[in-house]
Amino acid sequence: MRSPSAVSSGAAPALAALDGDRLRIVAVAFLIGFGVFVQLDAVANRLSAGSPVSLIEFSLGGLVAATMLVLSTPDPRPPKALGQEGVRLILLLLCWVVFAWTLSRFRAEGLGYLVKLATAVVPALCLITIADRAAHLRALIWAIILAGAFAAAVVLIETRTHTRLFATALAATTADFDGVARSSGGSDQNPTTAAQMLLVSTTLAIGLLFSGERRGRWLLCGIAALGSAGLALMSARSAILGLGAGLALVVFAFRGKSYFPAILFAAVVAGAIGILFAPPTLIARFTAIGDFGQDQTLYRRITYLRIGGDLLRGSPVWGVGPGNFPSYYVQDAYRYMPGRELYPRELHNTYLDTAVEYGLVGFAIFAAIVGHALLAARRGFAGDASSPLARTSFAVAVALAALLVACFFMPHKDMRYLWLLIALAIQCGRLRAAEGPR
């Protein structure tokens, strides 16, 4: 018969593991709230109006606190998240960004940017730490998909009624093209940024649908159609190009099947029908490419690239500093460039923006993170494509690839959904590796 001390010592690890599981569930709940409110920040602001803490800040604070508690409890399940290559690369990038900030000219502006970057990267690190099961990843993905469905429904209603249901920010309520107001859905961000968040939700739904997901497939089909319609009505060219890239990746994934020609034909027909019934504003935005008289923003975009190239040549190694490009943009040296505005603007190309502000060293680290995430997602659905983890990995890969294409036209190196997708991809590969060979 075992002694009471032996029984208590044997029960202690089990109790600690149980407490750790409960803490993980709490942390994942905060993570889901954060993922939803990032896209529906206007809704969150309405719900928390009058409160000193917004719902996004509450979910972020709860996520960090719960993650710290998880790290403080004994966790017998290997492997430890902090030993992963992806986490090391992310931490290396953060260290380099802080170093580049110390050498920058506009440190006050850079400090505000560092805070914004931290609110994007820290949740990603928390995700890698707490989400140790495929069910955790799937819960977050479904939450983002459903948030996108709600945002798309708001876009349809606002476009039809010419009203604003939730958005109150100036960037969201004043955006238009050729006299036609553009909806931001449930977000207070500008319509293009809101559209790229909806792009993530829509491509996640499309990825899950074509990965072989059976449970909820009709719901996924409806959300994919609703999200695509919402993206068309938001008239964001970058998001539409990202959606096209995501769909092309899905079609490419079936290249080895005997029915691939039928899928390719169906994709071409669907694209033709989409163009035929596309909103006039969206068609006008695409036909305006190259017509500087119709779309004055083209001058600005070329000026962004020219100023960015000039700054990169001046400081190629560590860049001008995080968050410093807008301050250089308004300097007198560039006042005669076509389309340049009098107030600070960001460089609308994530990759050149990274190189300009972080330097070529920082860009190399960022590129390594993105490459590692894509390979991890590929590893997640390689081999056994029937498991829930494999289907999740495929959806994440499609969404991440689509967003990376859209990032060519927007400054998204500190976008929260980008870092969440990177963390999801890394975690998919990590969990696949933990399962062992099949």
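The values are calculated or read from the model by the stated rules, or taken from the named source; none is laboratory data. The shown structure was predicted, so the numbers you read here are calculated from the model rather than taken from an experiment. Cβ sites come from the backbone with ideal geometry, for glycine too, and all protein chains shown count toward neighbours. Ligands, DNA and RNA are stripped out before the accessible areas are found, and what is left, the full protein with its side chains, is counted by its heavy atoms. Shrake-Rupley method; radii C 1.70, N 1.55, O 1.52, S 1.80 Å.
For region 189-227, what are the residues that are part of a loop (DSSP other than H, G, I, E, B) and either modelled with pLDDT of 90 or more or not acidic (Asp, Glu) (or both)?
Residues of region 189-227 that are part of a loop (DSSP other than H, G, I, E, B), as a first pass: 189-190, 211-216.
Correct list: Gln189, Asn190, Ser211, Gly212, Arg214, Arg215, Gly216.
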Point to revise | Some residue of region 411-421 being at pLDDT below 95, over 10 Å from the mean Cα position of the chain (by Cα) and at negative phi | key: yes
Review point. What is the one condition in (1) modelled with pLDDT under 95; (2) over 22 Å from the mean Cα position of the chain (by Cα); (3) open to solvent by 50 Å² or more (accessible area, probe 1.4 Å) that Arg133 does not satisfy?
Key: (2)
Practice item. List every residue pair whose Cβ atoms lie under 8 Å apart, where the two residues are 6 or more positions apart in sequence or sit on different chains, the first residue falls within region 88-101 and is touching a residue at least 60 places away in the same chain (Cβ under 8 Å), and the second residue, located anywhere, is of a type in the set (Lys, Arg). Key: Trp101/Arg107
Exercise for review: From the list Leu400, Leu404, Leu305, pick out the single residue that is more than 20 Å from the chain's Cα centre (by Cα), in contact (Cβ under 8 Å) with a residue 12 or more places away in the chain and assigned to a helix (DSSP H, G or I).
Suggested key: Leu305
Check your understanding: Mind checking whether some residue in region 394-408 is more than 22 Å from Ala135 (Cα to Cα), out of contact with any helix residue (DSSP H, G or I) (no Cβ under 9 Å at 6 or more places or on another chain), surrounded by fewer than 17 Cβ atoms within 10 Å (Cβ to Cβ) and not basic (Lys, Arg)?
Key -> no
Point to revise | Among (1) of a type outside the set (Asp, Glu); (2) open to solvent by 70 Å² or more (accessible area, probe 1.4 Å); (3) closer than 13 Å to Gly339 by Cα; (4) at pLDDT below 80, the one test that Leu276 misses | key: (3)
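Using the structure shown, decide if Tyr328 is closer than 24 Å to Ala423 by Cβ, in a helix (DSSP H, G or I) and either over 25 Å from the mean Cα position of the chain (by Cα) or hydroxyl-bearing (Ser, Thr, Tyr) (or both). Full working, then the answer.
Numbers: closer than 24 Å to Ala423 by Cβ: no; in a helix (DSSP H, G or I): yes; either over 25 Å from the mean Cα position of the chain (by Cα) or hydroxyl-bearing (Ser, Thr, Tyr) (or both): yes.
In short, no.
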Practice item. Taking Ala390 as meeting all but one of (1) under 30 Å from Asp41 (Cβ atoms); (2) touching a residue at least 40 places away in the same chain (Cβ under 8 Å); (3) assigned to a helix (DSSP H, G or I), write down the number of the exception. Key: (1)
Exercise for review: Within region 336-351, identify whether any single residue is crowded, with 24+ Cβ neighbours inside 10 Å, of a type in the set (Asp, Glu) and within 23 Å of Trp96 (Cα to Cα), and answer yes or no.
Suggested key: no
Practice item. Please work out if Arg22 is among the basic types (Lys, Arg), within 17 Å of Ile130 (Cβ to Cβ) and modelled with pLDDT of 70 or more. Key: yes
